[in-house]
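Working notes for the structure below.
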Amino acid sequence: MPKRFATFLIALLSLSPALSHAQDTQPTATRASKFFSHFDLGISGTTFFTKDVSGTVTSNAPNAPYNLTQSASTAAGVLATIRAQKSAYKGLEFNYSYGRVTQSYTCCNLNASTGANNGPFASQTTASEYTFGYLVRPPHEIFGMQPFISGGAGVYSFSPTKYGGQSLQPQARMAYYYHVGGEKMFSQSFGFRFGVRQLFYKAPDFDQNYLRIKKTTFTTEPEVGIFVHF
């Protein structure tokens, strides 16, 4: 038995370099291709529709308290998404969106003792989203389309423009979102995607007490675009 074991051990040791060499010579491109096959990159055009909100400014602003209504203009934008999918129910995504909107504030004094009245106030602003989310792509198609649903959180950043921003300071808001839609591959690497998403966040006041109502609003973003699957 010891002799047979020694013979087996010698044979095994002699095979080890060959096995190692076979593994080392596996094409690096093949391993990289297998890794990136879980990823896709999408670019979509989108439109921002933001809900108006109203509230009472109760801070130490001049002539407070008064009612204020905040609205954002409808605007076109772009959405970029990187997705990584391990299985139908295990996926992650990173989103970046960009658009330019006008934030408008209309207010009137509620304090009868002063009788002051404030007219409309507007700021041109670039809105940028940075969010991470969990992604599910159910394994069954609906009307020939691959459905998906995702949701997550991140930051929605508002940056007043140089000439139309009323000299306001940038502000970032915590944001939460969900996203539903469908997609269809039209070649081995390229596909078509459509959907709608909603982003929930506290209406921006740019850290100005005279604009602060502490109300949550949401932006609805229908999107249509393409993606490349690696």
Treating only Lys and Arg (+1) and Asp and Glu (-1) as charged, each at its beta carbon, one finds that segment 167-230 has a dipole about its Cα centre, in Debye to the nearest 20, of 200 debye
Quick tally, 1.4 Å probe accessible area for 213, 226, sorted with the most first, runs 226, 213
For segment 130-180, dividing by residue count, accessible area per residue (probe 1.4 Å) in Å² works out to 57 Å²
With a 1.4 angstrom probe the carbon and sulfur portion of accessible area for segment 147-202, in percent, totals 62 percent
Going residue by residue through segment 219-230, the Karplus relation 6.51 cos²θ - 1.76 cosθ + 1.60 with θ = phi - 60° gives ³J(HN,Hα) values, rounded to whole Hz and with x marking Gly or Pro, of 10, 9, 10, x, 9, 9, x, 10, 8, 10, 9, 7
Between the modelled labels at residue 207 and residue 153 (7 Å from Cα along Cα→Cβ) the distance in nm is 2.2 nm
Of 143-149, 174-180, ordering from highest average Cβ density within 10 Å down gives 174-180, 143-149
Simple spin-label estimate for residue 163/residue 89, 7 Å along Cα→Cβ, in nm, reads 5.5 nm
Using the Kirkwood formula on alpha carbons, the hydrodynamic radius of segment 110-230 in angstrom works out to 17.4 Å
The alpha-carbon center of segment 37-70 and that of segment 123-160 are separated, in whole Å, by 17 Å
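The values are calculated or read from the model by the stated rules, or taken from the named source; none is laboratory data. All values reported here derive from a predicted model rather than from experimental measurement. Methodologically, a virtual Cβ is constructed for each residue, glycine included, from the backbone with ideal geometry; neighbour enumeration extends over all protein chains shown. Quick note on the areas: whole protein, heavy atoms, side chains included, nothing else; ligands and nucleic acids left out. Shrake-Rupley method; radii C 1.70, N 1.55, O 1.52, S 1.80 Å.
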